[in-house]
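Undergrad: Here's a structure for you.
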Amino acid sequence: MKNKYVARGHHTCMKNFLIIFVCILAIVFPKGVLADEQVSVRLVNYIGNTEKVNIKCVGEYHSLDSTLLLKEGATYQLKVKDGEIVLDGDEFEYITDGSLVLLPKSYDEENVIYINDRPYLGSMELQIEDETFIRPVNQLLLEDYLKGVVPFEVYPTWDLETLKAQTLAARTYAVTNLKKKMDDTIRFQVYGGYTWNDHTTQAVEETRGEVITYRNQLIDAFYSASNGGLTESNAHVWGGNALTYFPIQKDPYDPIHPWEFQLNKHQISLNEIDFEDRNWWVNHDELDTDITMVMKKWLHKKGYSKEIKILSIPHFEIKLKNLHSDRADEGTITVEFLQRLLDGTVLYHVLVLENGRLDRIRPMIGGDIFRSYLVDSFIQNDDIYIVKGRGYGHGVGMSQWGAQKMAERGKKYQEILQFYYPGTRIKKM
């Protein structure tokens with residue numbers, strides 16, 4: 001029979017966690033390391049929204065509750081049950097109505113915590129999110145965070161000067177966003193934990209503390225995979241004032257990256273559905289499942305239930321080249337779909353986004369499909385829409401592929417950054 005430990009009142013908020021971790025840093029870190037900033041990252045990318053995760057500690061870890069002892073190398077399951085966190089071990093069950101904080105005895109590469117088989121350095125707070133999900137929050141030093149970012153943002157095999165340019169952009173972006181609840185997805189920067197690469201680690205270590213500034217202030221060092229040969233203004237993407245270091249200019253280094261997608265107007269015909277057939281729902285799939293799957297996820301986030309069938313997209317339009325950067329920012333889309341409720345009731349819906357910003361429509365189709373707003377052509381006939389464009393991402397700031405082409409031509413990382421962020425200066429943080 002398992003022993004059961006119940007911890008009550010341990011509502012360890014993130015603010016307290018940060019204070020505790022700072023104190024521990026002062027004890028276990030070698031002299032001089034405290035010059036590093038600390039980063040907190042919500043782990044979303046590799047675990048999604050889940051009610052349970054597996055954890056394993058390599059090295060010596062402890063919690064804020066002295067009664068909880070974790071064996072090195074043992075795997076534990078953590079889950080949310082009735083609004084509480086339950087840690088299930090081989091010989092015990094530990095329950096807390098607060099968060100669970102796991103701290104290494106010393107901050108080094110000998111102490112690693114695994115979340116679903118992915119390793120992380122530093123400390124981990126496991127929280128309850130939305131009263132339903134387990135949300136791990138990893139706290140570690142900025143330079144180590146970057147070692148887990150750069151190999152996931154660019155190819156580690158790229159030129160060292162490209163990796164250094166990416167490192168400075170990533171470091172500057174991280175520092176300017178420290179007060180936000182950063183996660184490990186493309187919403188901020190992709191972070192893969194303690195899954196480092198020697199080449200990208202070299203780039204981080206050889207540029208330690210270097211950031212990009214303008215008039216002695218850190219910039220928001222935006223970057224994207226490819227600008228399609230033409231950079232974009234920050235004002236076009238996020239509004240506000242246009243910043244001089246984000247100009248609209250031709251990029252002779254970017255390899256363009258043309259893209260195309262097609263979307264059928266009619267996905268499922270109502271006339272072909274036999275509603276008397278008990279299995280009619282599962283027997284009918286959309287024609288463009290890669291796009292309609294994204295549409296369904298978008299609709300889920302808007303409050304519709306998970307059981308959805310896209311019937312048609314009777315109206316889709318993009319207004320071409322209506323910005324100075326030749327990009328499109330307006331469009332219209334109409335989506336007809338069925339929604340099945342838990343009791344089996346089926347509802348018919350028509351969603352219309354008319355003459356709105358294109359950044360509301362692109363997420364419905366998917367950024368990996370509708371890759372940029374640099375749309376060259378939009379064609380429609382009786383059955384299909386065909387969209388062609390260039391680039392991959394928003395196009396503001398550095399083009400990662402363009403940076404690589406510059407490095408291949410012998411440019412140093414300082415020159416790369418000066419081209420993509422003109423007028424800025426590199427300084428030690």
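Undergrad: What are the pairs with Cβ atoms under 6 angstrom where one residue, in region 83-109, is closer than 13 Å to Tyr61 by Cβ and the other, located anywhere, is surrounded by 15 or more Cβ atoms within 10 Å (Cβ to Cβ) and of a type in the set (Asp, Glu)? Sequence gap at least six, or different chains.
TA: The qualifying pairs are Val101/Glu125.
Undergrad: Among all residue pairs at least 6 apart or on different chains, which show Cβ distances below 8 Å where the first residue, located in region 286-297, is closer than 15 Å to Ser269 by Cα and open to solvent by 40 Å² or more (accessible area, probe 1.4 Å) and the second is assigned to a loop (DSSP other than H, G, I, E, B) and not β-branched (Val, Ile, Thr)?
TA: Final answer for the pair search is Leu287/Gln267.
Undergrad: Residue by residue through region 323-358, note down the ones that are among the aromatic types (Phe, Trp, Tyr) and either open to solvent by less than 20 Å² (accessible area, probe 1.4 Å) or within 30 Å of Asn234 (Cβ to Cβ) (or both).
TA: Going residue by residue through region 323-358, those that are among the aromatic types (Phe, Trp, Tyr) are 337, 348.
If the condition is that a residue be among the aromatic types (Phe, Trp, Tyr) and either open to solvent by less than 20 Å² (accessible area, probe 1.4 Å) or within 30 Å of Asn234 (Cβ to Cβ) (or both), then Phe337 is the only one that fits.
Undergrad: Next question. Any residue in region 36-49 that's over 17 Å from Asp117 (Cα atoms) and in contact (Cβ under 8 Å) with a residue 40 or more places away in the chain: show its pairings with residues that are surrounded by fewer than 18 Cβ atoms within 10 Å (Cβ to Cβ) and not aliphatic (A, V, I, L, M) at Cβ separation under 8 Å, as long as the two are six or more apart or on different chains.
TA: Ser40/Lys181
Conditions (1) within 11 Å of the chain's Cα centre (by Cα); (2) open to solvent by 20 Å² or more (accessible area, probe 1.4 Å); (3) not polar (S, T, N, Q), marked per residue:
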{"site": "Thr172", "(1), (2), (3)": "no, no, no"}
{"site": "Lys179", "(1), (2), (3)": "no, yes, yes"}
{"site": "Gly192", "(1), (2), (3)": "yes, no, yes"}
{"site": "Trp196", "(1), (2), (3)": "no, yes, yes"}
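Undergrad: Spot the failing condition for Arg362; the list is (1) in a helix (DSSP H, G or I); (2) modelled with pLDDT under 95; (3) surrounded by 14 or more Cβ atoms within 10 Å (Cβ to Cβ); (4) of a type in the set (D, E, K, R), and only one is missed.
TA: Evaluating Arg362 over (1) in a helix (DSSP H, G or I); (2) modelled with pLDDT under 95; (3) surrounded by 14 or more Cβ atoms within 10 Å (Cβ to Cβ); (4) of a type in the set (D, E, K, R) leaves (2) as the failure.
Undergrad: Across region 365-407, which residue is least open to solvent (accessible area, probe 1.4 Å) among those that are farther than 18 Å from Lys319 by Cα and among the hydroxyl-bearing types (Ser, Thr, Tyr)?
TA: Ser399
Undergrad: Considering each of Gly83, Gly89, Gly48 in turn, give the residue that is out of contact with any Gly (no Cβ under 9 Å at 6 or more places or on another chain) and under 24 Å from Val149 (Cα atoms).
TA: Values: Gly83 fails: under 24 Å from Val149 (Cα atoms); Gly89 fails: under 24 Å from Val149 (Cα atoms).
Checking each option against the conditions leaves just Gly48.
The values are calculated or read from the model by the stated rules, or taken from the named source; none is laboratory data. A quick note: this is a predicted structure, and the numbers were derived from the prediction, not measured. Don't worry about glycine lacking a Cβ; one is built from the backbone with ideal geometry, like all the others, and counts go over all protein chains shown. Accessible surface areas use protein heavy atoms only, side chains included; no ligands, DNA or RNA. Shrake-Rupley method; radii C 1.70, N 1.55, O 1.52, S 1.80 Å.
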